[in-house]
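The values are calculated or read from the model by the stated rules, or taken from the named source; none is laboratory data. Since we're looking at a predicted model, the values are computed, not measured. Accessible surface areas use protein heavy atoms only, side chains included; no ligands, DNA or RNA. Shrake-Rupley method; radii C 1.70, N 1.55, O 1.52, S 1.80 Å.
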Amino acid sequence: PTDGRLSGHQAHGGNTRSLATINLTTGSATRIGTTGLTSTSGGGLAFDSVGDLYLSATGAGGTLDTLDPSTGARTVGPTLFGSPFSPAGGPIGALNAMAFNSLGVLYALDSNRNGVALVHLVIVDPLTGMITDVGSVADNMDDRALAPVPAPSAVAVGAVGTLTAGSPLRAEAPRGEL
């Protein structure tokens, strides 16, 4: 959100899983409300550019949910699929960290949760739940940060091919650039 609030998902302590705000001066957490979850696997939390708050706390084969930032109430979202750590016997992956880039693309770190955890950077589609593997990152990586990119004053688009009237035009960041 644009108010500078730091939010956290309290995933430990009895059967209570809650949304909280974190005081940036003291570090103390203030519980907002329960998410309705009784257990968690992973726990990525990210705001999009319009203030929708996403939570991935049910594993890479669970759901990508939204939380009401003022009450903590959870709305179950799409089932996640496509994790690089989802074998035929069932998903073992967990999305441990998430962030939207300036283009609205949701990135996450997907971990196999082993002692020395293998971790992949993935893209998550918030509408469908599809996980796309970008590639392996350092073992045991648990978080990452996306630096804000200033809005350009002009947009330059390079293309190969022919653009015809009525055809969609899409600009994408080169692979590896967030």
Amide H contacts under 5 Å for Arg17, placed H, 5+ residues apart: Thr35, Gly36, Leu37
Accessible carbon and sulfur surface of segment 19-120 relative to its total accessible area, %, 1.4 Å: 54
Rounded to the nearest 10 Å², the accessible area of Phe81 at probe 1.4 Å: 100
